[in-house]
Amino acid sequence: MKGTAGKTRTVDRGEPPSLTLRTDVVQGDRIAVRDIVASTGLFRPEEIGIAVELVEERLRVGPASGYHFIFAEQDGRVLGYSCYGPIPLTLQSYDLYWIAVRKERHGAGIGRMLLERSEAAISGLGGLRVYIETSSKASYRDTRRFYERRGYRAEATLREFYSPGDHKVIYVKALGKIDAEGEKERR
């Protein structure tokens, strides 16, 4: 995705029909992100606010914010999105901050496609590891399975992190490795 900021393109390889991807962020994305994240029924109001804040920071600062987005649209409506960025003080590690799809579109392959495109974009930016944090609550079981089926492994669990009985589970996936000369090896 490197060099595709602001471009849109239609996806035609097994993804949902007439799905368009874009990486530019527009004012309307604040409302779309709020609606998408709220529709999942998983997040508290303050968490939804954080998702919107990342969009606002990207709008305010631009690429220097460190927040990269991919939006999946169909017929002009945003159905899902991902947000990722480099982890400060690391050389090649990235966080996948958000990946969310409208509740009524779960199971349509949009999340899988967004995750794959995010990984490809991160790799294109030189990223070697993707980290994802999620909850241990039963309501997040499908989320954890989603990541595990796509090659992520639970690297750490921070007990009682979010609240009593709600642990933070940190997943990681290696996108590549460094060879003896310090260059990234391709998969």
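The values are calculated or read from the model by the stated rules, or taken from the named source; none is laboratory data. All values reported here derive from a predicted model rather than from experimental measurement. Counting neighbours? That spans all protein chains shown, and the Cβs are built from the backbone with ideal geometry, glycine included.
If you scan region 65-82, which residues turn out to be of a type in the set (Ser, Thr, Tyr) and surrounded by fewer than 17 Cβ atoms within 10 Å (Cβ to Cβ)? Ser65, the sole residue that qualifies.
One line per residue, one yes/no per condition, for (1) in contact (Cβ under 8 Å) with a residue 60 or more places away in the chain; (2) in contact with a helix residue (DSSP H, G or I) (Cβ under 9 Å, 6 or more places away or on another chain):
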position	(1), (2)
Tyr67	no, yes
Phe71	no, yes
Asp75	no, no
Gly85	no, yes
Asp95	no, no
Arg102	yes, yes
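If you go through region 130-178 and keep only what is of a type in the set (Lys, Arg) and in a strand (DSSP E or B), you end up with Arg153, Arg159, Lys168, Lys173, Lys177. The selection criterion, being in a helix (DSSP H, G or I), buried (at least 22 other Cβ atoms within 10 Å of the Cβ) and either of a type outside the set (Val, Ile, Thr) or modelled with pLDDT under 95 (or both), holds for Ser118. Residues in region 43-60 that are in a helix (DSSP H, G or I) and of a type in the set (A, V, I, L, M, F, W, C) were compared, and the one that is surrounded by the fewest Cβ atoms within 10 Å (Cβ to Cβ) is Ile50.
So if I check each of Gly109, Gly85, which one is surrounded by fewer than 21 Cβ atoms within 10 Å (Cβ to Cβ) and in contact with a His (Cβ under 7 Å, 6 or more places away or on another chain)? Let's see the steps before the verdict.
Working: Gly109 fails: in contact with a His (Cβ under 7 Å, 6 or more places away or on another chain).
None of the others qualify; the one that does is Gly85.
Could you please give the count of residues in region 76-133 that are in contact with a Gly (Cβ under 9 Å, 6 or more places away or on another chain) and aromatic (Phe, Trp, Tyr)? Total satisfying the criteria: 3. Out of Leu79, Leu91, Leu59, report the one residue that is modelled with pLDDT under 95 and over 24 Å from Ser136 (Cα atoms). Within the list Leu79, Leu91, Leu59, the selection yields Leu91. Checking each residue in region 68-86 for being in contact with a Lys or Arg (Cβ under 9 Å, 6 or more places away or on another chain) and within 20 Å of Ala174 (Cα to Cα) picks out His68, Ser82, Cys83.
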